[in-house]
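Reading through the structure tokens given below for one structure.
Nothing in this text is a laboratory measurement; each read-out follows from the coordinates by a stated rule. Not measured: the values here are computed from a predicted model. Because the Cβ atoms are built from the backbone with ideal geometry, glycine has one as well, and the counts that use them run over all protein chains shown.
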Amino acid sequence: MSGMYARFLGIPDLVEAPSVAVVVDVMRAFTVAAWAFARGAEKIVLAESLDDALALKARHPDWVTLKDGPAAPGFDAVNSPGLLRSADLGGRTVVQKTTAGTVGALAVKEASLVLCASFVVAEATARLLRTRAGDGVTFVVTGEDGRADEDLACAQYIARRADEAGADAAEYLRRAAGSRAAAELAQGVREGVHPDDVALCLELDRFPFAMVATLEDALMVLRPEPGLRSSAAARSPRRR
């Protein structure tokens, strides 16, 4: 894997489907997705729009719908790791629609391998890249049209870690902690936020699985890999 070619693009820069894509949304879509799997979710359907999410809910009343921002009719949860970490999602299907993360994943749905990532699954993602990425990876930096420093820092860290297993995360986590998204979450600028969200988004390697998205019956479906999650994933939250 040494010398892996990595490029870092915003969603607007994607002109064709890459072979291997890592879609990064640290604050908060793919931190939330990892927590959903840790709380027992079987799969996550990445919805094209809020209306599509509601339509899926209408067809599958037992599915759990989740969105950015404040609570809304028809949605069961909001896109907050702090609010989701106590949910019981055992065996459930989650439908997720967010501003950036789900959009980025859907933009590369034709890629041969799509991973969705954040700091909490960084090592597992890098490990999968070392075994399956071939000679090039496109990292999709979802926030702020590719300029979100928390997403770029995480993408750069995963790329480096795919080449150097012992890469130090401190500088990348510092950049993420100083990002505009972190400030907005901490200051309550965004709605549907828990006070622990930023800290939870900066927990390195909290979970031992990568997250792989594939097309299933015309839906983009995210699942953990390996499918059998270790019991460590569901341990009670650490306090910070």
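The table that follows gives values for the structure above.
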| read-out | value |
| --- | --- |
| Computed Kirkwood radius, in angstrom, where 1/r is averaged over Cα pairs of the chain | 17.4 Å |
| Label-zone membership for the stretch 74-107, site HIS60, 7 angstrom Cα→C-beta point, backbone N under 13 Å | 91-97 |
| Karplus-derived 3J(HN,Hα), 6.51/-1.76/1.60, for each residue of the stretch 185-198, Hz, glycine and proline x | 5, 5, 8, x, 5, 8, 9, x, 10, 9, x, 8, 4, 4 |
